[in-house]
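Structure first, then comments.
The values are calculated or read from the model by the stated rules, or taken from the named source; none is laboratory data. Quantities reported herein were computed from a predicted structural model and do not represent experimental measurements. Note: ideal-geometry Cβ built from the backbone for every residue, glycine included; neighbour counts use all protein chains shown.
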Amino acid sequence: MANRLAKETSPYLLQHADNPVDWYPWGPEALTRSRDEGKPILLSVGYAACHWCHVMAHESFESDETAALMNARFVNIKVDREERPDLDSIYMQAVQAMTGQGGWPMTVFLTPAGEPFYGGTYFPPEDRHGMPSFRRVLLSVSDAWETKRDEVERSAKAVREMYEASGPKTEDRRPTTPGFNSDILDRATKDLYARFEPMMGGFGGAPKFPHTMALDFLLRRWARTNDEHALHIVMHSFVQMARGGICDQVGGGFHRYSVDARWLVPHFEKMLYDNALLARLGAHLFQVTGSDEVRRVTAETLKWVMREMTDSGGGWYSSLDADSEHEEGKFYVWSLDEMETVLGADAPAAVAYWGVTASGNFEGANILNVRGDRAAPDPTALDSWKERLYAVRARRVWPARDEKVLASWNGLMLRAMAECARVFDNAAYREAALRNGEFLWREMVRDGRVYRTHTKGETRIAGFLEDQAAVALGFLALYHLTLDTAGFDRARELTRVCVEKFRDAATGAFYDTASDAETLVTRPHDITDNATPAGSSLAVELLLTMTELTGETSYRVMASQVLASNAEPMARYATMFGQLLSAADMAAGGGRWTEFVCGPNGCALPAPTDQRSS
């Protein structure tokens, strides 16, 4: 019998609709029951493309024995982190403070007031490698709730104090000082140089993430300073990713991250936002280098988006799962025999190019990648190999696709698609960007307010800061592409609401949730980039861009307050602040930023005279 999640639209929540667990979606019904019955809340957070979320679901949430224990002792709430990034951010902060690490699935135990007192990530069904079994955790937490309530309250109080200490303060609203930006940018650049891994590119070792925003910042630093090392880091990192297994060599697009330091073995989920950020970086890198390889990889990424991730109305879907047939990566890997059967006489050259062997490089199979001195084939031959392999792969069992349309991720991809349309003078990209812009404005914006998610004709959840700012920047990219002032007018309206609903006048900070949003245990304020840019960073860039186009100096003042309050962290932890550093670069250089992003021939006109403020 289906549980309450059967009425939801999130594909992730629907994956759990037939669990024997008495799941609730987050909302008043579950919270009221917890208060009325005096039961703690078991909050489970994940997302549709998450491999370990599926593993824990099969091992524990589909177990009648485990479900009976959960149902008897807890009020169980399941959350899609992509629908509710506010809840994910709040409770991930607590889990990281309690355990020193985070990840998904996230498992958090809350008081009826929503205060976390214990948490973790994945728990196995049996004790394993020093990890307690999930049932052991359930019994221990339940026992503590019943017999050691004072300890539970102390833990919850410690988290409350952490939230209070980490929020923005009135004293953070201090003015910028002359030279602030240039000094911080120089120090941040040196920090990235120190973290750069010279052999395979990127920053640090395994697991290895693209850190696209930090790379884009370094490309801007090259444009400012002509420091060739900055350009080398960006080009080397992009090319190494493009040639590795993290890049889908057959179907285009990038997987989430690499579990090794060589970009070879990816975590096979494919997310819209990663590909938006990498495609936009590719366009910028092509403007600088004119590299045919960069152009090809960027084009293949956008081809994947248009072919596999596009809704009939023009929106873009969220992700492809890592798993198919309950095996991670099965859809993407090849055997030597398969390659020879599909490619025939071309197989020896293709096998040599992609490093295919009989023993394989991943669990007996081959993740295609290009390494070392493997000679690149003729582009026409390479395209032919990929087309034939894709046709065969398309007959396999596909990974599940999360077909919810998320506003912020669509805003990021709209920006990338529009910039690529201009840089590569591509009519298909232009049409895709225009259709997406109309879709977003028609379906996901109401009275200047962006809504978070659209699934099967239903738009839900008032949006967050990242939604408001990313969609506004997407409309500005459309304006730069077409010079149609409709894009500018829409962006200006979204900017007005962004400031009105998300900015705290007392501190100058931007919150991730709107002033009229649901009251939670704390109001989230995340200033660091994660897999996507921080909402505050996007808001700062939006304000600075609107200053350039409108002359509204109050926007620059607001942006400068955020930059000033985060100056020292930006300089010391540059990989965590790539987007904000790019905004700081814009604040330091003004209009020259626009010339760089739009290319040597320019792309945007100032806003019409009657729309500019004094």
Next item on the list: Hey, can you tell me all the residues within segment 487-516 that are in contact with a Phe, Trp or Tyr (Cβ under 8 Å, 6 or more places away or on another chain) and more than 19 Å from Arg556 (Cα to Cα)?
Entry: Gly487, Arg490, Asp512, Thr513, Ala514, Ser515
Next item on the list: Could you check segment 464-580 for helices (runs of 4 or more DSSP H) lying wholly inside it with 3 or more residues that are closer than 30 Å to Ala113 by Cα?
Entry: 465-482, 485-502
Item checked: Qualifying positions in segment 449-502 - of a type in the set (Phe, Trp, Tyr) and within 12 Å of Leu414 (Cβ to Cβ) -> Phe475, Tyr479
Next item on the list: Could you run through segment 332-380 and say how many residues are of a type in the set (Gly, Ala, Ser), within 26 Å of Val397 (Cα to Cα) and surrounded by 12 or more Cβ atoms within 10 Å (Cβ to Cβ)?
Entry: 6
Next item on the list: Those residues that are among the small types (Gly, Ala, Ser) and part of a loop (DSSP other than H, G, I, E, B), I need them from segment 1-25; list them, please.
Entry: Ala2, Ser10, Ala17
Notebook entry, point to check: When you go through Arg572, Arg556, Arg496 one by one, which is the residue that is of a type in the set (D, E, K, R), free of Cβ contacts under 8 Å to residues at least 60 places away in the same chain and touching a helix residue (DSSP H, G or I) at 6+ places or on another chain (Cβ under 7 Å)?
Noted result: Arg556
Next item on the list: Keeping to segment 313-359, report how many residues are within 17 Å of Phe268 (Cα to Cα) and either of a type outside the set (Asp, Glu) or in contact with a Gly (Cβ under 6 Å, 6 or more places away or on another chain) (or both).
Entry: 13
Note to self: Restricting to segment 167-215, name every residue that is among the acidic types (Asp, Glu), assigned to a helix (DSSP H, G or I) and at pLDDT 80 or above.
What the structure shows: Asp183, Asp186, Asp191
Note to self: So for segment 430-452 (the condition being touching a residue at least 24 places away in the same chain (Cβ under 8 Å) and more than 21 Å from Asp467 (Cα to Cα)), does at least one residue qualify?
What the structure shows: yes
Notebook entry, point to check: Only one of (1) out of contact with any helix residue (DSSP H, G or I) (no Cβ under 8 Å at 6 or more places or on another chain); (2) part of a helix (DSSP H, G or I); (3) not aromatic (Phe, Trp, Tyr) is not met by Arg296, so which one is it?
Noted result: (1)
Notebook entry, point to check: Is it the case that Ala242 is among the aliphatic types (A, V, I, L, M), closer than 30 Å to Phe331 by Cα and modelled with pLDDT under 95?
Noted result: no
Notebook entry, point to check: Scanning segment 259-297 for residues that are of a type outside the set (A, V, I, L, M, F, W, C), under 20 Å from the mean Cα position of the chain (by Cα) and farther than 30 Å from His326 by Cβ, which turns out surrounded by the fewest Cβ atoms within 10 Å (Cβ to Cβ)?
Noted result: His284
Notebook entry, point to check: Yes or no: Ala349 out of contact with any Phe, Trp or Tyr (no Cβ under 9 Å at 6 or more places or on another chain), farther than 16 Å from Phe254 by Cα and among the hydrophobic types (A, V, I, L, M, F, W, C)?
Noted result: no
Checklist line | helices (runs of 4 or more DSSP H) lying entirely in segment 300-404 (those with 3 or more residues that are assigned by TED's automatic domain parsing to the domain that holds Ala427) | finding: none
Notebook entry, point to check: Mind checking whether some residue in segment 438-445 is assigned by TED's automatic domain parsing to the domain that holds Phe268, farther than 19 Å from Arg84 by Cβ, assigned to a helix (DSSP H, G or I) and in contact with a Cys (Cβ under 6 Å, 6 or more places away or on another chain)?
Noted result: no
Next item on the list: Kindly provide the set of residues from segment 479-493 that are closer than 21 Å to Val562 by Cβ and free of Cβ contacts under 8 Å to residues at least 40 places away in the same chain, ordered by number.
Entry: none
Item checked: Flag if Ser140 is more than 25 Å from the chain's Cα centre (by Cα) and at pLDDT 95 or above -> yes
Check: Pick from segment 4-25 the residues that are of a type in the set (A, V, I, L, M, F, W, C) and out of contact with any strand residue (DSSP E or B) (no Cβ under 7 Å at 6 or more places or on another chain): which of them is surrounded by the fewest Cβ atoms within 10 Å (Cβ to Cβ)?
Finding: Ala6
Next item on the list: Quick one: in segment 8-62, of everything that is free of Cβ contacts under 8 Å to residues at least 60 places away in the same chain and among the hydroxyl-bearing types (Ser, Thr, Tyr), which residue is farthest from Asp88 (Cα to Cα)?
Entry: Thr32
Check: So how many residues does segment 227-263 have that are assigned to a loop (DSSP other than H, G, I, E, B), within 23 Å of Ser582 (Cα to Cα) and in contact with a Phe, Trp or Tyr (Cβ under 9 Å, 6 or more places away or on another chain)?
Finding: 1
